[in-house]
1. Output yes when any residue across the stretch 56-75 is within 19 Å of Leu119 (Cβ to Cβ) and among the hydroxyl-bearing types (Ser, Thr, Tyr), and no when none is.
2. Do we have Gly83 as at negative phi and assigned to a loop (DSSP other than H, G, I, E, B) here?
3. Right, Pro25: assigned to a loop (DSSP other than H, G, I, E, B) and buried (at least 16 other Cβ atoms within 10 Å of the Cβ) or not?
4. Please verify whether Arg72 is at pLDDT 95 or above, open to solvent by 50 Å² or more (accessible area, probe 1.4 Å) and farther than 30 Å from Tyr28 by Cβ, treating the condition exactly as stated.
5. Kindly indicate the residue of the stretch 96-122 that is assigned to a loop (DSSP other than H, G, I, E, B) and open to solvent by less than 70 Å² (accessible area, probe 1.4 Å) and also modelled with the highest pLDDT among those meeting that condition.
6. When you scan the stretch 30-51, how many residues do you find that are surrounded by 15 or more Cβ atoms within 10 Å (Cβ to Cβ) and either among the hydrophobic types (A, V, I, L, M, F, W, C) or not in a helix (DSSP H, G or I) (or both)?
7. Would you pick out the residues in the stretch 34-55 that are touching a helix residue (DSSP H, G or I) at 6+ places or on another chain (Cβ under 6 Å) and among the aliphatic types (A, V, I, L, M)?
Amino acid sequence: MLQRVQTVYMFLAFIALGVLPFVFPLWYDGDGKEIYFMFMPSTMILFLACTMLTVISILSFKKRQNQFVLNRLNMILNVILLGLFVYRTLNVSGEATDIVSEKGIGMFLPIVSIPLLVLANKAIKKDEDLVKSVDRIR
């Protein structure tokens, strides 16, 4: 059923990973030019993989265990993406004083999607426990 609460959480994670990176830049370079995720192949691949995992997880609503595993894998990819952003941020901080880049709000999108995926996994686990308890009664 697509109207479950975990689908809402996964849809919000899809928006955070698939739509908002086109709206919010990851950072600004020294000239004030916006740098989006499309300019770096590694971030583009990770954002695409996270988005596709979220869509596949939403569409596999009949297989709760599969959803649970896909969300866990998605969380791992989000942590890797966040680590890539932290690495880039730490390398940017040693720039010259006249060319300073600023961080954009797009760098925090994995931080938004991870709690949404955790909430979705909690709801999936709750549904799975409910189904198991009903099966025990039969």
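The values are calculated or read from the model by the stated rules, or taken from the named source; none is laboratory data. Predicted model, so just to flag it, every value in this text is computed and none were measured. No Cβ is skipped: glycine too gets one built from the backbone with ideal geometry, and neighbour counts run over all protein chains shown. What goes into the accessible areas is simple: the full protein's heavy atoms, side chains included, and nothing from ligands, DNA or RNA. Shrake-Rupley method; radii C 1.70, N 1.55, O 1.52, S 1.80 Å.
1. Yes: one or more hits.
2. So Gly83 fails the test.
3. Considered against the rule, which asks whether it is assigned to a loop (DSSP other than H, G, I, E, B) and buried (at least 16 other Cβ atoms within 10 Å of the Cβ), Pro25 comes out as yes.
4. Yes.
5. The residue in question is Gly104.
6. 8
7. Answer for the stretch 34-55, where residues must be touching a helix residue (DSSP H, G or I) at 6+ places or on another chain (Cβ under 6 Å) and among the aliphatic types (A, V, I, L, M): Met38, Met44, Leu46, Ala49, Leu53.
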